[in-house]
Amino acid sequence: MTDQSSPKRVVILGGYGVFGGKLALALLRDQQFDVVVAGRNRTKAQAFCEVHGGLPVYLDRHDPAFGTSLAKLKPFVVVDASGPFQNYAKDTYSIVMAALAAGSHYLDLSDDANFTSGISELEQEARSVGKTALSGVSSVPALSSVAVEAMRSDFLRLDFIESAILPGNRAPRGLAVMRAILGQTGRPIAICRDGTLTSVPGWSGLERRRIGPRTGGLPPRWTSFIGAPDLQLFPGRYGARTVLFRAGLELSVMHLGLWALSWLTRLRLITSLEPLARSISKGGRLAGAVRLRPGWHGGSCCGPRQGRPPQGCKLDADRGGR
């Protein structure tokens, strides 16, 4: 892989999933990359590659031979698009370590605060082998931080950062994403509010949010608190006293139904909603299919903030887009 003219091998763990598959398709259109579609489901990997191309490979991070198998592929970069990263408690960074040991760069699509913020522990190790290890190269915190940076020059000081992501109901949702959301629903999420570390229940704090202009923008949607790397990274990065993150489902019946289910966990009647991920995911698709006005494929993300502008008075900024 040292020849600059040869294709660079990209190993995508979960490369046949919703987000991993989109990444694989994009890279397969570029002859600079040799794409390996990897994961625990050999059948899905083969089916994906038969249609779109790429090399299907069985890789399981729990396999004792995972590091050896990965090294044999001689990757230029390893991308973990599998997740849910909230469940990586045991051997948290085993994939990162295996990638670096194989002489590869590492990227992932993590949306978990602990996982993404904790990868900084491996910075020196990555530098020692001349490689890069980046976590959260996805909607959060990558794109959300870009939004904050774009508006940052409007303020002398940032006091409050709140982001929201509002996907359309027909936008594809992988099982790992549903497991990540349901695993947090009703359970404590650590946040920084007014300079104090506290917590809120996942999918609590029901509020309606409108993104964009009243004419031509999204209609108001229900939103609730959910975890994201921003909650741990932004207070230190931007000095904000309050950082919040919200998510909202397009269909009110789905959003409010999940809020109602969150009480099962909040009241400790059950420990987690995660086992319901597959059923709820199917229910969401069914609701969109029978709805008179079907859900749409798009979504939106916003980053309203409060801070102190040059004039010295409080200023609000709320910019969003599709």
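The values are calculated or read from the model by the stated rules, or taken from the named source; none is laboratory data. Because the structure is predicted, anything quoted here is derived from the model rather than measured. A quick note on method: Cβ atoms are made from the backbone with ideal geometry, for glycine too, and the neighbour counts reach across all protein chains shown. Each accessible area value is taken on the protein alone, full model and side chains, heavy atoms only, with ligands, DNA and RNA left out. Shrake-Rupley method; radii C 1.70, N 1.55, O 1.52, S 1.80 Å.
Some points to look at:
- Check on T242, over 23 Å from V253 (Cα atoms) and open to solvent by 60 Å² or more (accessible area, probe 1.4 Å): no
- Hits in region 214-237 (condition: basic (K, R) and open to solvent by less than 20 Å² (accessible area, probe 1.4 Å)): R221
- Extreme residue, farthest from F225 (Cα to Cα), among residues of region 142-162 that are of a type in the set (A, V, I, L, M) and open to solvent by less than 60 Å² (accessible area, probe 1.4 Å): M151
- Among the numbered conditions (1) open to solvent by 40 Å² or more (accessible area, probe 1.4 Å); (2) among the hydrophobic types (A, V, I, L, M, F, W, C); (3) within 20 Å of E149 (Cβ to Cβ), the only one that I211 does not meet is (1).
- Filter result for A24 (farther than 29 Å from N114 by Cα and of a type in the set (A, V, I, L, M)): no
- Within region 82-118, tally of residues that are in contact with a strand residue (DSSP E or B) (Cβ under 6 Å, 6 or more places away or on another chain) and either in a strand (DSSP E or B) or closer than 10 Å to G136 by Cα (or both): 4
- Strands (runs of 3 or more DSSP E) wholly inside region 192-285 that include at least 3 residues being over 22 Å from N114 (Cβ atoms): 207-209, 221-225
- Qualifying positions in region 141-168 - in a loop (DSSP other than H, G, I, E, B) and in contact (Cβ under 8 Å) with a residue 24 or more places away in the chain: D154, F155, L156, G168
Residues checked against (1) open to solvent by 70 Å² or more (accessible area, probe 1.4 Å); (2) within 21 Å of Q86 (Cα to Cα); (3) among the hydroxyl-bearing types (S, T, Y); (4) at pLDDT below 95:
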| position | (1), (2), (3), (4) |
| --- | --- |
| G136 | no, yes, no, no |
| V140 | no, yes, no, yes |
| A164 | no, yes, no, yes |
| G183 | no, yes, no, yes |
| I191 | no, yes, no, no |
| T196 | yes, no, yes, no |
| V200 | no, yes, no, no |
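- Of all the residues in region 68-104, those that are open to solvent by less than 30 Å² (accessible area, probe 1.4 Å) and either modelled with pLDDT of 95 or more or on the phi < 0 side of the Ramachandran plot (or both) number 18.
- Residues being outside any strand (DSSP E or B), open to solvent by 20 Å² or more (accessible area, probe 1.4 Å) and touching a residue at least 12 places away in the same chain (Cβ under 8 Å) - total across region 7-56: 20
- D60 in a strand (DSSP E or B) and of a type in the set (D, E, K, R): no
- Candidates L175, L182, L197, filtered to the one that is of a type in the set (A, V, I, L, M) and free of Cβ contacts under 8 Å to residues at least 40 places away in the same chain: L197
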